[in-house]
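Read-outs throughout are calculated quantities, based only on the coordinates presented, and are distinct from any laboratory measurement. Everything numeric in this text was worked out from a predicted model, so none of it was measured. So basically every Cβ, Gly included, is an ideal-geometry build from the backbone, and we count neighbours across all protein chains shown.
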Amino acid sequence: MKIAIVGTGYVGLVSGACLAEMGITVACVDVDRRKIELLNAGKMPIHEPGLAEIVARNRTDGRLSFTLSLREAMWKVDAVFIAVGTPPDEDGSADLRYVLEVAEGIGAWMNDYVVVVTKSTVPVGTNHRVKAAIAAALAGRGASIPFDVASNPEFLKEGDAVSDFLAPDRVVIGVESERARRVMARLYHALSLNNVPILYMDILSAEMTKYAANSMLATRISFINDIANLCELVGADVEAVKRGIGSDTRIGSKFLNAGCGYGGSCFPKDVKALIKTGDDFHHDLDVLKAVERVNERQKGTLFRKIARHFGDDLSGRRFAVWGLAFKPGTDDTREAPSLVLIEQLLCAGAAVRAFDPVAMGETRRRLGDAIEYATGMYDALEGADALVVVTEWAEFKVPKFTFIEKALKQKIIFDGRNIYDPVQMKEFGYRYYGVGRKDWNEA
Ligand SMILES: NC(=O)c1ccc[n+]([C@@H]2O[C@H](COP(=O)([O-])OP(=O)(O)OC[C@H]3O[C@@H](n4cnc5c(N)ncnc54)[C@H](O)[C@@H]3O)[C@@H](O)[C@H]2O)c1
């Protein structure tokens, strides 16, 4: 079986490599020449645990290739996946420019029956537009070639993308013909053998499932953050509350970590896009509007705590920031809370020296010389007035506190992910500020 995947980003590259690992022959296409050249030179354009090994193995075995040419990639394929970006437009809706561009290209180069699978996260109804764009391109060249569209939204998490793809909780597939369903079943045969549920449904429901899933997860995060803020006011500890509610099997403990807000390339834009779909249908998604509002406010929580401690004018102050990626395990800094915090610190006159195990290059590309880049986690602390933890990388969780205390000017920690124990921090002589935690500083 042979497929093409158009768009070789986090989703396209991981999907391509993992499907090759399952025995499919995959050609990955991208318009980004640098990316394709890197991949053809055996280098990785993104950081994703385990991906480099799978890419290398499948390239060597001849099942995975990279090209700039959609025409070449589409030669005798059973399916073409669209995995390009769908960034938010100015009004919050998903910008479908790239998806529809690719659909036209597929119509232009298609030479036999093919299933066109949308893997990008797209608003309900987009597959109909994909189908129309392909049909128009076919009509433009006077061709009449049968094809089907299918929706196969992706649920992988950056940082765990490979394991999520190879062992997902489920695969969601929206189809409208038996022929397309059979192609998709062959494609995911290896996963069905491993008892992964393959959930077939209509296309509109598959498209909606993806947005509903991300919106539900974002809702849990904003919910616990809202509760955390109230915990601070009433003197409760959100970590205890989380244990208390998370052990209820109806609730569960995942995605209930209080912190400094969600970021990344998916939750913020998908929540916005679903709200816009609601608006388009004159249906107010009140819950999601609140989810978004709470998250925007939460991204400012660390700065508010810092300003409360040091005052609004931070001229002459210096802060060590640990963690720049929007979450551990990835170099992705899109919509990262760290960027909001850094901007607020710089605006208030402070200097920032930051460290992240993998997202330094990505941050330098965005922020240039506005901040200093440390060579290691302890190097970031040198002469700083306080340490601010923004991303919960494993190596930050059990640091050498003696190193921290030697390097910092003052023993102050702002912990945006609640990775330290406030009681222990007090015993070690730190002023400690977590999120939604009982204040032990004066106790
Ligand atoms: N990143 C995630 O964790 C994740 C998870 C699930 C779903 N998604 C969804 O998957 C889609 C892709 O996300 P991503 O994070 O992989 O994006 P990305 O920005 O990492 O990659 C998109 C790629 O598409 C390429 N591209 C754009 N136009 C093209 C064209 N005409 N032809 C060929 N290539 C083209 C870009 O050069 C880029 O390499 C989005 O809709 C996103 O919402 C992302």
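Of Lys299/Lys426; Lys210/Lys289; Lys43/Lys397; Lys2/Lys276; Lys289/Lys426, which sit over 28 Å apart, Cα to Cα? Intermediate values should be presented prior to the final figure.
Numbers: Lys299/Lys426 26 Å; Lys210/Lys289 18 Å; Lys43/Lys397 30 Å; Lys2/Lys276 37 Å; Lys289/Lys426 38 Å.
Too far apart for the 28 Å limit: Lys43/Lys397; Lys2/Lys276; Lys289/Lys426.
In percent, rounded to a whole number, the relative contact order of the chain is 12, using alpha-carbon pairs under 8 Å and six or more apart. Full extension of the segment from Glu382 to Arg186, taken as 0.36 nm per residue of separation minus the current Cα-Cα distance, would add 64.9 nm. Within the stretch 209-265, the trypsin sites (Lys or Arg not before Pro) that combine a DSSP coil assignment with at most 10 other C-beta atoms in a 10 angstrom radius are Arg250, Lys254. Shape index of the stretch 279-358: Rg/Rh, with Rg the Cα radius of gyration and Rh the Kirkwood radius from the inverse mean 1/r over Cα pairs, equals 1.10.
Fewest-first ordering of Asp148, Asp415, Asp248, Asp332 by other beta carbons within 10 Å of each residue's beta carbon gives Asp248, Asp148, Asp332, Asp415.
Modelled this way, with points 7 Å down the Cα-to-C-beta line, the labels at Glu427 and Gln410 are 2.5 nm from one another. In plain terms, if you count all Cα to Cα distances in the stretch 217-372 and split them into 10 Å steps from zero, the share in each step is 10, 32, 35, 19, 4, 0 percent.
DSSP loop trypsin sites (Lys or Arg not before Pro) in the stretch 8-64 with at most 16 other Cβ atoms within 10 Å of their Cβ, which ones? Can you show the working numbers first?
On the way: sites: Arg33, Arg34, Lys35, Lys43, Arg57, Arg59, Arg63; in loops: Lys43, Arg63.
Those satisfying the criteria are Lys43.
Once C-alpha pairs closer than 8 Å and six or more residues apart are averaged by separation and normalised to the residue number of the stretch 2-201, the relative contact order reads 20 percent. Checking every one of the trypsin sites (Lys or Arg not before Pro) in the stretch 72-134 against DSSP loop status and a limit of 13 other Cβ atoms within 10 Å picks out Lys76.
Quote the Stokes-Einstein diffusion coefficient, in whole µm² s⁻¹, for the chain, based on the Kirkwood radius over alpha carbon pairs, a temperature of 37 °C and a viscosity of 0.692 mPa s. Estimated via Stokes-Einstein, D reaches 140 µm²/s.
Which of Ser163, Ser338, Ser247 comes first, and how do the rest follow, when ranked by fewest Cβ neighbours within 10 Å?
Working: Ser163 14, Ser338 28, Ser247 10.
By the 10 Å Cβ count, ascending: Ser247, Ser163, Ser338.
Let me make sure I get this right: for the stretch 71-203, a, b and c are the square roots of the gyration tensor eigenvalues over alpha carbons, sorted descending. Under 1.5 in a/c it's rounded, otherwise prolate if a/b > b/c, else oblate. Which is it? Oblate, because a/c is 1.5 or more while a/b does not exceed b/c. As a ratio to 2.2 N^0.38 Å, the alpha-carbon radius of gyration computed for the stretch 24-119 takes the value 1.17.
Most exposed first by the Cβ proxy, i.e. fewest other Cβ within 10 Å, how do Glu48, Glu104, Glu154 rank?
Values: Glu48 25, Glu104 16, Glu154 22.
With the fewest neighbours first, Glu48, Glu104, Glu154 line up as Glu104, Glu154, Glu48.
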